[in-house]
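S.K.: Sharing a structure here in structure tokens format.
Nothing in this text is a laboratory measurement; each read-out follows from the coordinates by a stated rule. As the structure is a prediction and not an experimental result, all values here were calculated from the model. Positions of Cβ are backbone-derived with ideal geometry, glycine not excepted, and every protein chain shown enters the neighbour counts.
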Amino acid sequence: MRKYRWWLVAILIIILAAFGLHLATSSKVSQHTVTVGAIGPDVQVWQHIAKSNAAKKAGIKINVKSFTDPIGLNKATASGEIDVNAFQSWSYLETYNKQNKKAQLAALGTTYLEPMGIYSKRYKKVSDLPNGATIAIANNPANTARGLLLLQSAGLITLKKGFGATSGTNEIASNPRHFKFEEIDDTTGPRVLNSVDAVLIGNTIALTGHLNVLTDSIYHEKIDQTTKNNINILVTAKKNAHNQTYLKLVKLYHNQQIQEWIKKKYQGTKVEVNKPLSYLEK
């Protein structure tokens, strides 16, 4: 009888061990790995998300790769080298897709809006900018247009009717102070501050240069502006637009604890935008 009990115990142990192995194996199988490419402070954001309990609960292992070249990052995403990228606005994506018909990308969801600012080491107010001042402006269509709209908002120039999301300096109707525009790779904005009178810098790039748009710029877009073109998004290759694992990253970004960390880390300069894609596509 005692021998029979030991056999039962041994069989039970084997069954429990096999069940535990099955659970461990199932857990590993259910975990998905996603490679996220990001630029500037977005790298830190996604490194934080990758380590979060929310990511673990969602069953997603996130590998974060840092880039400095936005066009290179978009091409890496289109080719599949990168699964999802985090750095660009809606208008930047639209411009890229127009220029790259064979390497199309798609938005997965909205993330945040952060203001572009006018920065200067030489002047304290936009009204102080002298006649003939040199202003550095992004050399990519989406941010060129956004920068020119900002200059118009500041009362420095007037743009032609019909000015669009990808219009350039040739669409300036009036430039009363005869400003000169120097096109630059916008990722170098903080580094050229000492060599020009003013620079237009998006907040993601400004943060890499330890600049806070709310306190260091001489003029900036209003944080509560409603323009859809400046909203940042998560992006993937067009064929992966409905990938359920990738779509979970949007939900992860908007997790309450993660948003609290972002707000504290970036002093409120990354304003959360949790809107459906239909809001951008109207």
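S.K.: Condition first: of a type outside the set (A, V, I, L, M), buried (at least 22 other Cβ atoms within 10 Å of the Cβ) and over 10 Å from residue 181 (Cβ atoms). Now tell me which residues in segment 141-158 satisfy that. So that I can check it myself, show each step before the final result.
M.R.: Of segment 141-158, the ones of a type outside the set (A, V, I, L, M) are 141, 143-144, 146-147, 152-153, 155, 158.
Then keep just the ones that are buried (at least 22 other Cβ atoms within 10 Å of the Cβ); that gives 143-144, 146-147.
Of everything in segment 141-158, those that are of a type outside the set (A, V, I, L, M), buried (at least 22 other Cβ atoms within 10 Å of the Cβ) and over 10 Å from residue 181 (Cβ atoms) turn out to be 143, 146.
S.K.: Additional query: Sort out which residues of segment 269-282 are surrounded by 13 or more Cβ atoms within 10 Å (Cβ to Cβ) and out of contact with any strand residue (DSSP E or B) (no Cβ under 8 Å at 6 or more places or on another chain), and write them in order of number.
M.R.: Of everything in segment 269-282, just one residue is surrounded by 13 or more Cβ atoms within 10 Å (Cβ to Cβ) and out of contact with any strand residue (DSSP E or B) (no Cβ under 8 Å at 6 or more places or on another chain), namely 269.
S.K.: Same structure again: From (1) crowded, with 20+ Cβ neighbours inside 10 Å; (2) closer than 17 Å to residue 206 by Cα, pick out the condition that doesn't hold for residue 129.
M.R.: Among (1) crowded, with 20+ Cβ neighbours inside 10 Å; (2) closer than 17 Å to residue 206 by Cα, the lone unmet condition for residue 129 is (2).
S.K.: For segment 185-197, which residues satisfy the criterion of being of a type in the set (Val, Ile, Thr) and surrounded by fewer than 18 Cβ atoms within 10 Å (Cβ to Cβ)?
M.R.: Taking segment 185-197 as the starting set, the residues that turn out to be of a type in the set (Val, Ile, Thr) are 187-188, 192, 196.
188, 192 - these are the residues of segment 185-197 that are of a type in the set (Val, Ile, Thr) and surrounded by fewer than 18 Cβ atoms within 10 Å (Cβ to Cβ).
S.K.: Among the residues of segment 104-122 satisfying the criterion of being touching a strand residue (DSSP E or B) at 6+ places or on another chain (Cβ under 7 Å) and assigned to a loop (DSSP other than H, G, I, E, B), which is farthest from residue 80 (Cα to Cα)?
M.R.: The qualifying residue farthest from residue 80 (Cα to Cα) is 120.
S.K.: Let me ask you something else. How many of the residues making up segment 225-282 are of a type in the set (Lys, Arg), free of Cβ contacts under 8 Å to residues at least 24 places away in the same chain and either over 25 Å from residue 101 (Cα atoms) or in a loop (DSSP other than H, G, I, E, B) (or both)? Talk me through it step by step, then tell me what you get.
M.R.: To start, the set of residues in segment 225-282 that are of a type in the set (Lys, Arg) comprises 228, 238-239, 248, 251, 263-265, 270, 275, 282.
Filter again for free of Cβ contacts under 8 Å to residues at least 24 places away in the same chain, leaving 239, 263-264.
Narrowing the set further to residues that are either over 25 Å from residue 101 (Cα atoms) or in a loop (DSSP other than H, G, I, E, B) (or both) leaves 263-264.
Final tally of qualifying residues: 2.
S.K.: Need the failing condition index for residue 200 against (1) exposed (fewer than 14 other Cβ atoms within 10 Å of the Cβ); (2) touching a residue at least 24 places away in the same chain (Cβ under 8 Å), just the number.
M.R.: (1)
S.K.: Go through segment 63-79 and give me each residue that's under 25 Å from residue 51 (Cβ atoms) and part of a loop (DSSP other than H, G, I, E, B).
M.R.: Answer for segment 63-79, where residues must be under 25 Å from residue 51 (Cβ atoms) and part of a loop (DSSP other than H, G, I, E, B): just 68.
S.K.: Just a yes or no: is a residue in segment 79-92 over 18 Å from residue 34 (Cβ atoms) and among the charged types (D, E, K, R)? Break it down stepwise before answering.
M.R.: Just the residues of segment 79-92 that are over 18 Å from residue 34 (Cβ atoms), to begin with: 89-92.
Keeping just the survivors that are among the charged types (D, E, K, R) gives none.
No, because not a single residue in segment 79-92 is over 18 Å from residue 34 (Cβ atoms) and among the charged types (D, E, K, R).
S.K.: Follow-up question, since we're still on this one. Being surrounded by fewer than 16 Cβ atoms within 10 Å (Cβ to Cβ) and without any contact (Cβ under 8 Å) to a residue 40 or more places away in the chain is the filter here, so list the residues in segment 172-184 that pass it.
M.R.: So the first thing to find is which residues in segment 172-184 are surrounded by fewer than 16 Cβ atoms within 10 Å (Cβ to Cβ), and the list is 173-178, 180, 182-183.
Result: 173, 174, 175, 176.
S.K.: Return yes or no: is residue 216 among the charged types (D, E, K, R), touching a helix residue (DSSP H, G or I) at 6+ places or on another chain (Cβ under 9 Å) and over 21 Å from residue 93 (Cβ atoms)?
M.R.: Working: among the charged types (D, E, K, R): yes; touching a helix residue (DSSP H, G or I) at 6+ places or on another chain (Cβ under 9 Å): yes; over 21 Å from residue 93 (Cβ atoms): yes.
Yes; evaluated as a whole, the condition is true for this residue.
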